[in-house]
1. When you scan region 24-114 for helices (runs of 4 or more DSSP H) that lie fully inside it, which ones turn up with 1 or more residues that are touching a residue at least 60 places away in the same chain (Cβ under 8 Å)?
2. Looking at (1) buried (at least 18 other Cβ atoms within 10 Å of the Cβ); (2) aliphatic (A, V, I, L, M); (3) over 17 Å from Leu117 (Cα atoms); (4) at pLDDT below 95, can you tell me which one Ala81 breaks?
3. Can you tell me which residue in region 145-176 is surrounded by the fewest Cβ atoms within 10 Å (Cβ to Cβ), limited to those that are over 20 Å from Ile77 (Cβ atoms) and β-branched (Val, Ile, Thr)?
4. Tell me, yes or no, whether region 177-196 has at least one residue that is surrounded by fewer than 19 Cβ atoms within 10 Å (Cβ to Cβ), at pLDDT below 95, basic (Lys, Arg) and closer than 21 Å to Asp144 by Cβ.
5. Scanning region 168-215 for residues that are assigned to a helix (DSSP H, G or I) and of a type in the set (Phe, Trp, Tyr), which turns out farthest from Leu92 (Cα to Cα)?
6. Only one of Leu185, Leu160 is closer than 11 Å to Leu211 by Cα, among the hydrophobic types (A, V, I, L, M, F, W, C) and assigned by TED's automatic domain parsing to the domain that holds Leu218; which?
7. All but one of (1) modelled with pLDDT of 80 or more; (2) farther than 17 Å from Arg208 by Cα; (3) touching a helix residue (DSSP H, G or I) at 6+ places or on another chain (Cβ under 9 Å); (4) surrounded by fewer than 17 Cβ atoms within 10 Å (Cβ to Cβ) hold for Arg140; which doesn't?
Amino acid sequence: MSEILLAEDERLVRKQYAALFESEGFSVRAVRDGLEALKAFSEERPDVIILDLDMPKASGYRVCEEIRKSDSLVPIIILTAVNTPDNEVRALGCGADDFCSKTESASVLLSHVRRALQRAEAVSAEGGATKGAAELKLGRIKVDVASLVVTDGENFAERLTRGEMDALLSLYEAAGKYLSSEELLEAMRGKGTACDIQMLYQHISNLRKKLGPAGELLTHQRRVGYRLLK
């Protein structure tokens, strides 16, 4: 039975989601603020975490950042009543894997949870590998596919979000060929990351920074697309 940690300060909303997940066979631990969420996570690692963005004591952003300091793999879904591009970009930058609006039906959130679980199971079964590679080498930079960590083996280290990793993997698997924005988005969807063109631009921008010296290998040609040099 998969376990969900649900952090939502609105009692009725919390009860509604908890009842939905339990009716679908999930075990749910529901908490009402950010600090309770951190305490619950420290006591027992869930299979999926759902964080309301605006919670008392600690926001969803802060909770996500704190969890990512110790666990880079547990799926985190941000839930918010105010769905704006800025909120989504910030949430993904904090390490969230997915973003869902409360204006969507409860069944939509359920589909996000199931997708997160499927992705986590695939990473676990394959050891985080893509085409047999558990590590990507870009010059002197190494990217661990399972942990999402970028390092030069010495002083430089960054952590990618899953969206950023899926963009990088898609370009890496293209073996130096250009992918148009549409082709890259489609490749990312095949890996479990759905985003729009604006989020793609953000992922690419973040990758260029997080890859350090290897960031210059990620190139773009207008009206042609993106390419990762090796």
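1. 60-68, 85-93
2. Going through the list (1) buried (at least 18 other Cβ atoms within 10 Å of the Cβ); (2) aliphatic (A, V, I, L, M); (3) over 17 Å from Leu117 (Cα atoms); (4) at pLDDT below 95, Ala81 breaks only (1).
3. Val149
4. Within region 177-196, one or more residues are surrounded by fewer than 19 Cβ atoms within 10 Å (Cβ to Cβ), at pLDDT below 95, basic (Lys, Arg) and closer than 21 Å to Asp144 by Cβ.
5. Restricting to residues being assigned to a helix (DSSP H, G or I) and of a type in the set (Phe, Trp, Tyr), the top hit is Tyr172.
6. Leu160
7. It fails just one condition, (2).
The values are calculated or read from the model by the stated rules, or taken from the named source; none is laboratory data. Everything numeric here is computed off the predicted structure, so don't read it as measured data. Please note: Cβ atoms are built from the backbone with ideal geometry, for glycine as well, and neighbour counts cover all protein chains shown.
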